[in-house]
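One structure below.
No lab work stands behind these numbers, since they all come straight from the coordinates. The model shown is predicted, which means the values in this text are computed figures rather than measured ones. Please note: Cβ atoms are built from the backbone with ideal geometry, for glycine as well, and neighbour counts cover all protein chains shown.
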Amino acid sequence: MSEARVLVVFFSRTGTTRTLASTLATMLSADLEEICDYTERRGAWGYVRCLADSWRKRPAEIVPAGLDPAQYDLVVVGTPVWAGAVSAPVRAYLFENRWKFRHVAFFCSLGGLGSQAAFDEMRELAGKAPVAQCKVRAAEVHRGAVAAVLVPFMTVLKRHLVNYEALAWTS
Ligand SMILES: Cc1cc2nc3c(=O)[nH]c(=O)nc-3n(C[C@H](O)[C@H](O)[C@H](O)COP(=O)(O)O)c2cc1C
């Protein structure tokens with residue numbers, strides 16, 4: 001039986017979502033890709049640009065992806081929450097690749113509020129319901145509780161992959 005291929009894709013401005021993404025990729029034996037964009041997002045002006053993109057629901061101009069999501073059975077997409085919305089680089093990635101996804105799952109890091117609106121937008125952009133979604137507060141990541149916080153999400157994803165592999169085997 002061939003193993004399902006999993007890709008973890010993320011954008012991170014200050015490293016929190018990156019920590020989650022790399023932990024998840026290790027847990028799932030997945031490939032990992034960081035979304036990069038051409039906008040300067042550091043510092044106070046960078047913060048304002050992020051807010052403006054979110055308020056206007058504007059996608060960022062992103063560097064073309066190195067890995068093709070069409071080659072994966074499951075693509076797990078992670079974003080920070082910006083003003084109760086998905087980050088602009090992830091907005092662009094989901095929209096640009098929406099025809100290529102077989103199955104998707106979503107995760108986000110945030111201060112505390114706005115995950116559901118961000119997930120709703122991600123689902124709309126991807127044109128697909130996620131097999132699972134997971135929100136993680138930045139404070140938990142900074143406390144070093146990453147692996148423990150991700151276990152329930154990872155368990156659902158692994159169950160999905162086992163069912164998917166079994167189906168592929170019988171069909
Ligand atoms: C422009 C901007 C807007 C934000 N808006 C929210 C928000 O609406 N709700 C929230 O809980 N956190 C918000 N945050 C906090 C981030 O979601 C949180 O710190 C996240 O973990 C940062 O991820 P990163 O380090 O991967 O960039 C915002 C951060 C930025 C930069």
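Charge dipole of the chain (Cα centre as origin; +1 on each Lys and Arg Cβ, -1 on each Asp and Glu Cβ, all else neutral): 440 debye, rounded to the nearest 20.
Rounded, prolate or oblate for the range 77-171? Axes are the square roots of the Cα gyration tensor eigenvalues, ordered a ≥ b ≥ c, and the cut-off for rounded is a/c under 1.5. It would help to have the intermediate numbers written out before the result.
Values: a/c = 2.79, a/b = 1.26, b/c = 2.22.
Oblate.
Full extension of the segment from S22 to E140, taken as 0.36 nm per residue of separation minus the current Cα-Cα distance, would add 40.9 nm.
As a rough footprinting exposure proxy, the listed residues Y72, Y38, Y47 were ranked by other beta carbons within 10 Å of their own, and the order from fewest upward is Y38, Y47, Y72.
Stokes-Einstein diffusion for the chain at 20 °C, viscosity 1.002 mPa s, with a Kirkwood radius from C-alpha pairs, works out to 133 µm²/s.
The alpha-carbon of K135 sits under 19 angstrom from the alpha-carbons of these aspartates and glutamates, leaving out residues fewer than 8 places away in its chain: E34, D120, E121, E124.
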